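**Q** Please find one structure pasted underneath; my questions will follow.
Laboratory data are not the source of any read-out in this text; all were calculated from the coordinates shown. Given the structure is predicted, the values throughout are model-derived calculations rather than measurements. Cβ atoms come from the backbone with ideal geometry, glycine included; neighbour counts cover every protein chain shown.
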Amino acid sequence: MADKNPRPENRRKFLAPVLVTFVIVAIASAIVLYSFTGFGARARVRRLQNPFPPTPEGIAAARLIYESRCANCHGTSGDGKGTKAEELSVAPADFRNARPMAAITDGELYWQITKGARPMPSFESLSEQERWELVDYIRTFAPPSPR
């Protein structure tokens with residue numbers, strides 16, 4: 001009667017290529033996942049500085065854009081309770097909440113406005129200046145507290 005179990009040395013010969021293949025697939029999958037999730041982009045945008053300092057004119061222009069494109073979801077006061085907020089699968093951000101707003105950089109906020117984040121659409125159709133001015137306007141809802 002033949003032995004059904006392969007010899008230990010045959011198992012080792014088989015195991016090595018399987019492990020190498022597994023490692024290669026795992027590394028390739030991690031690279032693909034990293035590129036599709038935007039982790040690299042987010043790290044870069046975190047360091048972006050707003051090239052448009054807040055001005056009364058810029059804030060006024062951004063307020064008009066906000067009222068026409070953002071207030072339906074984020075609310076006119078930035079509280080995240082706009083008229084369409086309840087229809088969304090993800091609650092809109094409350095821009096008045098100072099702690100989370102302080103944790104997000106201008107670059108990250110600009111990136112979210114530019115690229116969108118489900119269910120929020122992308123606003124790449126706005127000019128770069130308009131998007132940065134929106135960042136400035138959104139910051140008015142939760143101004144940093146003096147220390």
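**Q** Testing R118 on (1) among the basic types (K, R); (2) touching a residue at least 40 places away in the same chain (Cβ under 8 Å); (3) surrounded by fewer than 12 Cβ atoms within 10 Å (Cβ to Cβ), one condition comes back false. Which one is that?
**A** So R118 meets the others, but not (2).
**Q** Another question, if that's okay. Please go through the stretch 81-93 and pick out each residue that is assigned to a loop (DSSP other than H, G, I, E, B) and surrounded by fewer than 17 Cβ atoms within 10 Å (Cβ to Cβ). Lay out the reasoning, then the answer.
**A** If we filter the stretch 81-93 for residues that are assigned to a loop (DSSP other than H, G, I, E, B), which is where we start, we get 81-84, 88-93.
Hits for the stretch 81-93 are K81, T83, K84, L88, S89, V90, A91.
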